[in-house]
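Q: Questions regarding the structure given below will be posed in turn.
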Amino acid sequence: MSGLLRVEGAQEARGEAHLLTVEPGEPRRPGPLALVVFGASGDLAHRKILPALAQLADHDALGDGFSLVGVARTEWNDEEFRKVCLEVAPVESAGGWERLVQRFRYVSGDYGDEATFAKLAGVLAELDKEQASGGNRVYYLATIPALFGPVARALAAHGLAEPGRGGEFARLVVEKPFGSDLASAAKLDEELHQAFREDQIFRIDHYMGKETVQNVLALRFANSIFEPIWNRRYVDHVQVTVAESLGVEHRGTFYESAGALRDIVQNHVMQVLSLTLMEPPSQMEASSIRDEKVKLLRSVVVPDVDEAVNDVVRAQYTAGIIDGAAVPGYRSEEGVSPTSETETYIAMHLLVDNWRWAGVPVYVRTGKRLARRATEVSMIFQRPPHLPFAGKLARDLRPDALTLRIQPDEGISLCFGAKVPGPEFRVRSVSMDFSYADAFPGGTAEAYERLLLDAMTGDATLFIRSDEVDQAWAIVAPIQQAFLDGEPPLARYRAGSWGPIEADRLIEGSGRQWRNP
Ligand code: BG6
């Protein structure tokens, strides 16, 4: 979807950009605008947002009218903020960022203080005049979630939720978490909607910015060979794995109130799952794709709703060894209670109750401190109805599988049976590989570069609509309730393993096995 052109159309009337492909490779640059980052002195700004902007500037992807305003409580002045911006630039910077940084501004103040927003309004008016930001604004909320509603309301109260004089748009970019359950997500939406219309709100799930996640759409809808077998007649089951070898790092306090279900399953897993299993959209544009995603999510059920305990395993890591180094157990991590019951691992069994997928189990698992980092989706196909080989000759034959390797080692592999050279008719599974790095040696853009550019150009395709958020919370709601009731009991796994034995039992109960990457 890169190289897309915004054209006027029916969707535009609903506030959703309607996109058509233009010449491949044609650079896409936002028009004049001021990007305001709340939480500009924080971790997300430092690690992701500023470096992504620096990359975009160096690739000449930010227009001449681009200005940045940092807002935070830290008492910096413009010069100190600019210094920080320069520090995050890539070592081999092309200089584009350095040139832009000279015009960046900083507003220091409390988010609850009227004066902060009055000051911001003044700075934006100045930028419109001096730097030709054109009255267009994009506000990025890189703050703690408790501030999302208050900041949005304060912006509206100061007349900043609408474009400035001569401007065309004011957009609000919000980072997950979008609430902590269905009710709080609805409350957050209500607060945001008091200040901004839904079409002004761009909710980021950074998984949607990954090229390999977007490639799920290319694989399915740019080819004719996969779709005919992408259904219950051919697929035996689906596996989604989001494995991390990292622990909770310095985020123990945050993670204690999140856990794997909220941190990964409700958002990243549901996004990947919906793109993989949804019906074909009529066009590659925001509302068509998001309509299909939400339709798919509406069909997802935890089969044993009353006893999520039978379909869900939750677990926590204990001390172990990763890459040859000893690592502590979760309960010994900084900011974590020594008696914590927070899950760092989940495995679950879902069903998609629709025509295409009826009866096809979807097994999902995610965890921290697993054997290695790997995110992938596998379609495991049904076994042939009859094998004309003696049993022992086909002993090493696994079911055919198509695996989409989201990260790392991005690519796709097809596992199928082949004859082993020799006098016997022995067959075993082999793998045919497509590697992103080999096919596209130029490398791929960081998810945040893509998403920031999309937010600035008004392409909502990769952002999460409020009904998607709600639906994803509705899916995990029975599991959240079971956890509150202390069910299922918290299992343990050793750091550096592939998870608890209970997760193996979950899938093996149906005669299937996890595919370890
Ligand atoms: C974030 C979670 O959303 O995604 C983190 O809060 C997790 O806990 C991260 O580590 C994983 O992202 P990625 O891109 O490294 O797979």
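Q: Being over 22 Å from Q480 (Cβ atoms) and among the charged types (D, E, K, R) narrows it down to one of E307, E244, E256, E334, so name that one.
A: E334
To keep it simple, each residue is scored yes or no on (1) in the same structural domain as Y363 (by TED's automatic domain parsing); (2) assigned to a strand (DSSP E or B); (3) within 21 Å of P361 (Cα to Cα).
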site: L275; (1), (2), (3): yes, no, yes
site: P280; (1), (2), (3): yes, no, yes
site: Q283; (1), (2), (3): yes, no, no
site: S287; (1), (2), (3): yes, no, no
site: R290; (1), (2), (3): yes, no, no
site: L296; (1), (2), (3): yes, no, yes
site: A308; (1), (2), (3): yes, no, yes
site: V313; (1), (2), (3): yes, yes, yes
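Q: Which ones in segment 101-133 are of a type in the set (A, V, I, L, M, F, W, C) and open to solvent by 20 Å² or more (accessible area, probe 1.4 Å)?
A: A115, A118, A121, A125, A132
Q: Looking only at segment 361-388, filter to residues that are more than 16 Å from the ligand (Cβ to nearest atom), open to solvent by less than 60 Å² (accessible area, probe 1.4 Å) and closer than 29 Å to K419 by Cα; which one of those is farthest from the chain's Cα centre (by Cα)?
A: The residue in question is F381.
Q: Which one is farthest from the ligand (Cβ to nearest atom) among residues in segment 237-273 that are open to solvent by less than 10 Å² (accessible area, probe 1.4 Å) and part of a loop (DSSP other than H, G, I, E, B)?
A: G247
Q: Next question, about the same structure. Just checking, which of I225, I289, I229 is more than 11 Å from the ligand (Cβ to nearest atom), within 18 Å of D467 (Cα to Cα) and not charged (D, E, K, R)?
A: On inspection, the qualifying residue turns out to be I289.
Q: Count, please, the residues in segment 389-398 that happen to be open to solvent by 100 Å² or more (accessible area, probe 1.4 Å) and within 36 Å of the chain's Cα centre (by Cα).
A: Selection size over segment 389-398: 1.
Q: Looking only at segment 481-511, how many residues end up being touching a Lys or Arg at 6+ places or on another chain (Cβ under 8 Å) and either modelled with pLDDT under 95 or part of a loop (DSSP other than H, G, I, E, B) (or both)?
A: Selection size over segment 481-511: 7.
Q: Which number in (1) surrounded by fewer than 15 Cβ atoms within 10 Å (Cβ to Cβ); (2) touching a residue at least 12 places away in the same chain (Cβ under 8 Å) marks the one condition that K83 misses?
A: (2)
Q: Are any of the residues in segment 444-451 at pLDDT 95 or above, assigned to a helix (DSSP H, G or I), among the small types (G, A, S) and under 20 Å from V272 (Cβ atoms)?
A: So far as segment 444-451 goes, no, none of its residues is at pLDDT 95 or above, assigned to a helix (DSSP H, G or I), among the small types (G, A, S) and under 20 Å from V272 (Cβ atoms).
Q: Given the residues R251, R298, R262, which is the only one that is basic (K, R) and closer than 24 Å to D199 by Cα?
A: R298
Q: Can you pull out every residue in segment 180-216 that is open to solvent by less than 50 Å² (accessible area, probe 1.4 Å), among the charged types (D, E, K, R) and closer than 12 Å to D470 by Cβ?
A: D189, R203
Q: Any chance you could count how many residues in segment 158-188 are within 16 Å of the ligand (Cβ to nearest atom) and in a strand (DSSP E or B)?
A: Number of matching residues: 3.
Q: From the list E343, E334, which one is loosely packed, with under 14 Cβ neighbours inside 10 Å, within 16 Å of the ligand (Cβ to nearest atom) and outside any strand (DSSP E or B)?
A: E334
Q: Keeping to segment 440-473, report how many residues are among the hydroxyl-bearing types (S, T, Y) and open to solvent by less than 10 Å² (accessible area, probe 1.4 Å).
A: 1
Q: Need the failing condition index for F463 against (1) within 16 Å of the ligand (Cβ to nearest atom); (2) aromatic (F, W, Y); (3) not in a loop (DSSP other than H, G, I, E, B), just the number.
A: All conditions are met except number (3).
Q: Keeping to segment 373-401, report how many residues are free of Cβ contacts under 8 Å to residues at least 40 places away in the same chain and of a type in the set (F, W, Y).
A: 1
Q: Among the listed residues A437, A477, which satisfies the condition of being assigned to a helix (DSSP H, G or I), farther than 18 Å from E376 by Cα, open to solvent by 20 Å² or more (accessible area, probe 1.4 Å) and not polar (S, T, N, Q)?
A: Answer to the check: A477.
Q: Somewhere in segment 105-116, is a residue assigned to a helix (DSSP H, G or I) and modelled with pLDDT of 95 or more?
A: Yes, some residue in segment 105-116 is assigned to a helix (DSSP H, G or I) and modelled with pLDDT of 95 or more.
Q: Name the single residue, out of those in segment 411-432 being open to solvent by 70 Å² or more (accessible area, probe 1.4 Å) and charged (D, E, K, R), that is farthest from L387 (Cα to Cα).
A: Across segment 411-432, the extreme among qualifying residues is E424.
Q: Restricting attention to segment 67-80, which residues are out of contact with any Ser or Thr (no Cβ under 9 Å at 6 or more places or on another chain) and surrounded by 15 or more Cβ atoms within 10 Å (Cβ to Cβ)?
A: Scanning segment 67-80 gives L68, V69, D78.
The values are calculated or read from the model by the stated rules, or taken from the named source; none is laboratory data. Computed from a prediction, not measured in an experiment: that's the story for all the values here. For neighbour counting, all protein chains shown are included, and Cβ atoms are generated from backbone atoms with ideal geometry for every residue, glycine included. Protein only, heavy atoms only, side chains kept; ligands, DNA and RNA dropped before computing areas. Shrake-Rupley method; radii C 1.70, N 1.55, O 1.52, S 1.80 Å.
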